[in-house]
Amino acid sequence: MYRAHVLVCGGTGCTSSHSPEIIDALNEELKAKGLENEVQVVRTGCFGLCSNGPIMIVYPEGCFYSQVKVEDVPEIVEEHLLKGRIVKRLLYSETLTQEEIKPLNQTNFYKKQRRVALRNCGVIDPENIEEYIAVDGYQALAKCLTELTPEDVIKIVSDSGLRGRGGGGFPTGRKWSFTAANKADQKYVVCNADEGDPGAFMDRSVLEGDPHCIIEAMAICGYATGATEGYVYVRAEYPIAVKRLEKAIEDAKAYGLLGKNIFDSGFDFDLHVRLGAGAFVCGEETALMTSIEGNRGEPRPRPPYPAVSGLFAKPTTENNVETFANIPQIVLNGPEFFNTIGTETSKGTKVFALGGKINNTGLVEIPMGTTLREIVEDIGGGIPNGRKFKAAQTGGPSGGCIPEKFLDTPMDYDSLLKIGAMVGSGGLIIMDDTSCMVDIAKFFLKFTVDESCGKCTPCRVGTRRLLEILEKITDGKGTMEDLDTMEALCYYIKDNSLCGLGQTAPNPVLSSYRHFKEEYIAHVRDKKCPAGVCKNLVQITIDPEKCKGCSACSRKCPVGAISGKIKEPFVIDQSKCIKCGVCIETCRFDAISRK
Amino acid sequence: MANVNIKINNREYSVPAGISILEAARLAGVEIPTLCYLKEVNEIGACRICVVEVKGARSLVAACVFPVAEGMEVQTNSPKVIASRKTTLELLLSTHKKECLSCVRSGNCELQKLCKDYGIEDAHRFDGFRPKYEIDASASHMYRDDEKCILCRRCVAVCNKNQAVGVIGANDRGIDTHIASPYEMPLNSTSCVSCGQCITACPTGALSERDDTQKVFDAINDPEKFVVVQTAPATRVGLGEEFGYPMGSIVTGKMVAALRRLGFDKVFDTNFSADLTIMEEATEFLQRFTKKENLPLITSCSPGWIKFCEFYYPEMIPHLSSCKSPMGMFGATAKTYYADKMGIAPEKIFSVAIMPCTAKKFEAERHDHSAIKGIPDIDAVLTTRELARMIKKQGILFNALPDEEYDAPFGLGSGAGTIFGATGGVMEAALRTAYETLTGESLNDENINFTDVRGTQGIKEATYNIAGNEVRVAVASGLANAKKVLDMVKSGEKTYDFIEIMACPGGCVNGGGQPIQPASVRNNVDIRAERAAGLYRDDIGLPVRKSHENPDIKQIYKEFYGEPGSHKAHECLHTGYTVRKKY
């Protein structure tokens, strides 16, 4: 028995900011102090509050140390672990109150969250199967194989109200029932871990922090649908997730939890990992299957649907990581556990990857129906530097933006669709008043243009032409007719594209045009970028009234665009200026501004 | 299968369940335009030209791949559909080279036709970034200009599916997507077999045969050259299509007349050398069959097949007949026997072959076994399409030409020679000769037709009892079918004595050098069957229907070759093969 446990985040974010070195240093330091048998160091998955990483929690006190550095380790060991004195300077500021150390789940970031999919992330050692088993791991699979019929399992999943978390929101139980209804000599379960939306990383975190729950869920799905083989298609850009998943599969096989005759039930299930080579389109289910089959990852027309003819032309159930992550909990605790969370049509919780102009960036899992305002203001801790919320982009490049007037919209499938946005895979990017919506739309569209597989005309050529129109607009060369063409092209691409990637590609443009039309018109008619972002539409000028003629700006200007006589107002040569803004930062008299 | 009730453009129809909206519409008398769709070969729903509105569907659907269902209501021509198709065409044009004035496919381009039908007035509406590509002219048989490509992938599908070759595919992505070989290798560095099926599948001018017409015009205009020309069997039932004749029309006489008017010194018939091939190959077969040596014997007339064998089945090379193709045999004979007979120096003879085939261009460049060392058997190969181009360029009114006869002494071909152009034809021609040789009996009008080996099926099998011998034969056309047959032979699953293989599905009538029929025709008419029917009609109408009864053939053996399989024949009419590395 250990008297203390030190949990250190081993997710990708904290790993990048040296958590492995912190773990090594901890182990060395503990050994040096002779504490290695009293204190256990555990590398866990992601805690969610990534902006404060590397994160460390010390139990039994539950002290939440944030932004820990390797140099802090000796002090933590010496003070906290040896002498029992909490290192207050490293505590997450909100947990440090006058009287006591506030438990983590009472902090603003965590108190409105409800962790189902992420419940083991940051809690257990993902590379230790016994830790998973200790938190009821593989109990759900055992229950299915020993107490439930496949029909029972599908009913539980259906009754839970779980809908696909990858973007489509299709009812999971119904999806499983389609595959189950088809007779075939071979069926497959596929886990879509080709998470590609910019900013979204919940699937990665689940695989890194709790890989066994995916294995368990896929085996359950296999049992329910009659599949004996599964594939996890995971991006090669997720090395930690891949490594932990592969180890988890190996361990599960060694424990008899995968393979032949699981739990002596006669049910066989085997699992393979396939690495994606980085094409966003491979997150589209038919493209993903085409890729697993060894071909260029391109979508194929539906019908036939995967439930009829999927991977290797066999009936296939495909769900994404987060969807699967909910399954063991639902099976174990019953559908009511899940369908009592959330809204009428969107049950359970949803993980969002909170990013952009927000204080607490990271992963948050909230009950469906939580309002955007709660996420931004309470969980996210508001906008940095006291700036004003302008919009939130949900669903990445397939989604849309939500303007300020919809801040009280509940975050669920149907409410978001109604206002032209979507839950999507759960990317949530917050923008403040320094963001130009035309520029943002251009950014997301550029992403899909680059990622278009090139198979169908509307997506291959249409999105590119759409991007060219946006570039024309942000360059100040747009016309009012361009806006009409842009809108028409958006609807054309939505109506005509072969797969979901193309059909949703215009969403960022359409939704920003819907909610921020005046901003587009300002670019076109007035040749102005109200947010001061589009370089060709802004000018940086020196106010002669305020300029003292100190020459500081002219010395810092990287292109020599500023000239003047000392003690007289300086001027910027607009033909040379690259709008980098260094002069604005340099000026001590607030004389330079961007308009 | 049961029928379903659907509505197309507000009218009710009962159509077979499971068919596509495209097929259902056709049954209802409505043609939905297509670009990427090639029935049973390329059904990928990529180009989006065939989109239609289906009541209740979230977006427009591709009619080519979307199956009908009970109660479905389809609008094929609603304003939304028409506007969408128009935009798709405008977008395709924005990445297209638009050199329509001089494009080889002008007038026979599926994109051009649709643009005209849909009234695309501004071909530059969506002009913007357009990727630039070098024309790949590395191969001896074709050009690829990716700047004219609309990425329908029909070429990729025929190369993969019909031909089991698969040396082209999509490279890069997004707007940079283009069709090329792996690692952007030039086509001649790949294991392309030069069959040209990709060219006839191409809806635009992105793929075309290497144009050798100028080379031939130059030879004709060179007073030092004696220019002879031969015409392959399948050209006589193909060429007419270029001049408005119904598919399968026999235009032999007009073709001969046109060639004379183009200025060729002598016009000969490859049917003659097809008969010569039968003499040699039937002899070779009977020798091997008697000795049970290197069986099955596999035909060697199709240069696409030969290249496929050299690349993919080098272990089967010993099974190949050592006979040159009819084209090669003609070339060799023209520069030896004929040159000598006419007193013309072989190097002054310029020998042109009009072929339904692009691989023949490659074959002509295999100088390794020419009859006279250092002098190619064949100097230029023109496809049926190139011949049509020359005729049009010279203002020859093809349809008004009289029917003329070939020149002697290679102007007479038998019916056995003419059916070389259809799958199973070589086999049938060989069987006619082998039968009479083995049995000593004469085939009559009743039993001369070996119908088991006729027809457009990809693989045909038959067993004949000839003079107490069981002769097991197989016929395959299309290299994917050839692959199946070879794999069965290799695994021991099947045993044959004689196999005919043609690279192109349906044989030479559907060769890569034949007139190009748009998908709208190919999807609804079996062009292989239509053209082959012309050849079988030709066979019936000819006075001589067996190669060994061709008097010119008897004459040439008497005067020059001695007997089939002689030393002289081997020097001129036989060849050898090389193992080729795939990459």
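Applying the selection to the stretch B:289-308, what residues are under 15 Å from the mean Cα position of the chain (by Cα) and either part of a loop (DSSP other than H, G, I, E, B) or more than 21 Å from B:Y583 (Cβ to Cβ) (or both)?
Selection gives B:C301, B:S302.
Does A:G222 fit the bill of being outside any strand (DSSP E or B) and either in contact (Cβ under 8 Å) with a residue 60 or more places away in the chain or buried (at least 24 other Cβ atoms within 10 Å of the Cβ) (or both)?
So A:G222 fits the description; yes.
Take B:C159 and decide whether it is farther than 20 Å from B:C309 by Cα, away from chain A (no Cβ under 14 Å), outside any strand (DSSP E or B) and in contact with a helix residue (DSSP H, G or I) (Cβ under 9 Å, 6 or more places away or on another chain).
No: the conditions fail for B:C159.
Looking at B:V4, B:V41 in this structure, which one is touching a Lys or Arg at 6+ places or on another chain (Cβ under 8 Å), in contact (Cβ under 8 Å) with a residue 60 or more places away in the chain and more than 25 Å from B:A83 (Cα to Cα)?
Unique residue meeting the criteria: B:V41.
Any residue at all in the stretch B:228-247 that is away from chain A (no Cβ under 14 Å), over 15 Å from B:A388 (Cβ atoms), in contact with an Asp or Glu (Cβ under 9 Å, 6 or more places away or on another chain) and surrounded by fewer than 24 Cβ atoms within 10 Å (Cβ to Cβ)?
yes
Report, ordered by the first and then the second residue, all pairs with beta carbons closer than 8 Å, sequence separation of six or more or different chains, a first member in the stretch A:128-151 that is without any contact (Cβ under 8 Å) to a residue 24 or more places away in the chain, and a second member that is crowded, with 23+ Cβ neighbours inside 10 Å and of a type in the set (S, T, N, Q).
A:V135/A:N120
Before we move on, is B:G507 touching a helix residue (DSSP H, G or I) at 6+ places or on another chain (Cβ under 8 Å) and surrounded by fewer than 22 Cβ atoms within 10 Å (Cβ to Cβ)?
Here the answer is no, as B:G507 does not meet what is asked.
How about the stretch A:479-520: which of its residues are under 25 Å from A:A392 (Cβ atoms), in contact (Cβ under 8 Å) with a residue 40 or more places away in the chain and among the aliphatic types (A, V, I, L, M)?
Those that are under 25 Å from A:A392 (Cβ atoms), in contact (Cβ under 8 Å) with a residue 40 or more places away in the chain and among the aliphatic types (A, V, I, L, M): A:L483, A:L501, A:A505, A:V509, A:L510.
Take the stretch A:443-462 and flag every residue that is buried (at least 24 other Cβ atoms within 10 Å of the Cβ) and more than 8 Å from every other protein chain (Cβ to nearest Cβ).
A:F444, A:L445, A:T448, A:C459
Identify all residues within the stretch A:73-127 that are of a type outside the set (S, T, Y), part of a helix (DSSP H, G or I) and either on the phi > 0 side of the Ramachandran plot or buried (at least 19 other Cβ atoms within 10 Å of the Cβ) (or both); write none if there are none.
A:V73, A:I76, A:V77, A:H80, A:L81, A:L90, A:L104, A:F109
Residue by residue through the stretch A:390-434, note down the ones that are assigned to a loop (DSSP other than H, G, I, E, B), polar (S, T, N, Q) and crowded, with 22+ Cβ neighbours inside 10 Å.
A:S425
For every residue, the table says whether it meets (1) more than 14 Å from chain A (Cβ to nearest Cβ); (2) more than 13 Å from B:A206 (Cα to Cα).
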| site | (1), (2) |
| --- | --- |
| B:I49 | no, yes |
| B:K55 | yes, yes |
| B:A62 | no, yes |
| B:S106 | yes, no |
| B:G119 | yes, yes |
| B:A139 | yes, yes |
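Please count how many residues of the stretch A:11-40 are part of a loop (DSSP other than H, G, I, E, B), in contact (Cβ under 8 Å) with a residue 12 or more places away in the chain and over 15 Å from A:I55 (Cα atoms).
The qualifying residues number 4.
Looking only at the stretch B:314-347, count how many residues are in a helix (DSSP H, G or I), among the hydrophobic types (A, V, I, L, M, F, W, C) and farther than 13 Å from B:S370 by Cα.
Adding up the residues that qualify gives 4.
When you scan the stretch B:294-302, do you find a residue that is crowded, with 21+ Cβ neighbours inside 10 Å, touching a Cys at 6+ places or on another chain (Cβ under 7 Å) and in contact (Cβ under 8 Å) with a residue 24 or more places away in the chain, even just one?
For the stretch B:294-302, residues crowded, with 21+ Cβ neighbours inside 10 Å, touching a Cys at 6+ places or on another chain (Cβ under 7 Å) and in contact (Cβ under 8 Å) with a residue 24 or more places away in the chain: present.
Which of the residues spanning the stretch B:162-182 are within 14 Å of chain A (Cβ to nearest Cβ) and assigned to a helix (DSSP H, G or I)?
The answer is B:G174, B:I175, B:D176, B:P182.
Tell me, which residue of the stretch A:326-363 that is in contact with a strand residue (DSSP E or B) (Cβ under 8 Å, 6 or more places away or on another chain) and aromatic (F, W, Y) is farthest from A:Y132 (Cα to Cα)?
It comes out as A:F352.
Take the stretch A:283-312 and flag every residue that is within 14 Å of another protein chain (Cβ to nearest Cβ) and touching a Pro at 6+ places or on another chain (Cβ under 9 Å).
Within the stretch A:283-312, A:E284, A:T286, A:A287, A:T290, A:P303, A:P304, A:V308, A:S309 qualify.
When you check B:F66 against the structure, is it surrounded by 14 or more Cβ atoms within 10 Å (Cβ to Cβ), in contact with a Ser or Thr (Cβ under 9 Å, 6 or more places away or on another chain), within 12 Å of chain A (Cβ to nearest Cβ) and without any contact (Cβ under 8 Å) to a residue 40 or more places away in the chain, yes or no?
no
Answer with yes or no whether A:Y231 is assigned to a strand (DSSP E or B), at pLDDT 95 or above and either buried (at least 24 other Cβ atoms within 10 Å of the Cβ) or out of contact with any Gly (no Cβ under 7 Å at 6 or more places or on another chain) (or both).
In short, yes.
The values are calculated or read from the model by the stated rules, or taken from the named source; none is laboratory data. Please read all numbers here as calculations on a predicted model, not as lab measurements. Glycine gets a Cβ as well: all are built from the backbone with ideal geometry, and neighbour counts include every protein chain shown.
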